[in-house]
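One structure is given below, encoded as structure tokens.
The values are calculated or read from the model by the stated rules, or taken from the named source; none is laboratory data. As the structure is a prediction and not an experimental result, all values here were calculated from the model. Cβ: placed from backbone, ideal geometry, glycine included. Neighbour counts: every protein chain shown.
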Amino acid sequence: MTNPEPLSGIDSAGFGALLATMRALRDPDTGCPWDLVQTYETLRGTLLEETYEALEALASGDTGALVEELGDVLLQVVLSAQIGSDAGTFNIADVVDFLNRKLVRRHPHVFGEAHAKTAAEGIGHWERMKATERADKGQADKSMLDGVPKAMPALAYANAVLGRARRAGFDWDNPDAIFDKIGEELRELAAEDSPARKEEEFGDVLLAAVGAAVRMGIDPEQALRGANARFYERFTHVERAAHEQGTTLAAMPADDKLALWEAAKEAQ
């Protein structure tokens, strides 16, 4: 059994200093007016924004930007914990202790006698421990999907629930079956005339596409961000060309626009 060892120096020189700074910012007499009026509700949008900025930094590959943005996410955690401490409900020590105990409990293959040689086996232990925790809380009948917030953006939610379902063994035996499923959903979409049914079938197409991403180990959010970036570059290339020719996209012949688009595509 492996015993986790604390990182030397981080409590006193790093994290402890951060907590002291936050306590000063929230001091009722000498603190920052902005920090003092924050609540869990006012921080909801900021937490989401900072998370997206961290994701963007992660995608950019800029380590410096990632360090900065992860720090901003950590700020949201520390500030929320200080709000809890000020109210006498919980503090950052409770957050850290709960997280640490959860990590140890859900990794019996690292901190216990269980074994795992692959990532799939490690996830299996994690999910089994979560199921045990639900049973201990009297929630044995609760779905493993209930832990995924329904307020998440639809693409992220689909990725999360399909990933959990696959880890539970809900998957096709034939790896290529997911592509057949996408084709099936596309055909059903094409055959529909009702606007309401078209929307429903289009949703099924998107869900099947996310299922394919999960099956192939692709992050659909990152894949779509990449596609968006490529579209932006190609579209602005066509825009610039139209401007240089003294015309507009609306006035430019379709064949010319297509040729410029393909040229931009080849250049990427």
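Every condition in (1) at pLDDT 95 or above; (2) surrounded by fewer than 14 Cβ atoms within 10 Å (Cβ to Cβ); (3) closer than 29 Å to residue 59 by Cα holds for residue 209 except the one numbered (2).
Of all residues being among the small types (Gly, Ala, Ser) and surrounded by 15 or more Cβ atoms within 10 Å (Cβ to Cβ) in the range 40-69, which is nearest to the chain's Cα centre (by Cα)? Just the residue, please. Among those that are among the small types (Gly, Ala, Ser) and surrounded by 15 or more Cβ atoms within 10 Å (Cβ to Cβ), it is 54. Among what's in the range 70-122 and is free of Cβ contacts under 8 Å to residues at least 24 places away in the same chain, in a loop (DSSP other than H, G, I, E, B) and of a type in the set (Gly, Ala, Ser), pick the residue that is surrounded by the fewest Cβ atoms within 10 Å (Cβ to Cβ). If we take residues in the range 70-122 being free of Cβ contacts under 8 Å to residues at least 24 places away in the same chain, in a loop (DSSP other than H, G, I, E, B) and of a type in the set (Gly, Ala, Ser), then 88 is surrounded by the fewest Cβ atoms within 10 Å (Cβ to Cβ).
Table: residues versus (1) aliphatic (A, V, I, L, M); (2) assigned to a helix (DSSP H, G or I); (3) farther than 22 Å from residue 216 by Cα.
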| position | (1), (2), (3) |
| --- | --- |
| 124 | no, yes, no |
| 135 | yes, yes, yes |
| 149 | no, no, yes |
| 172 | no, no, no |
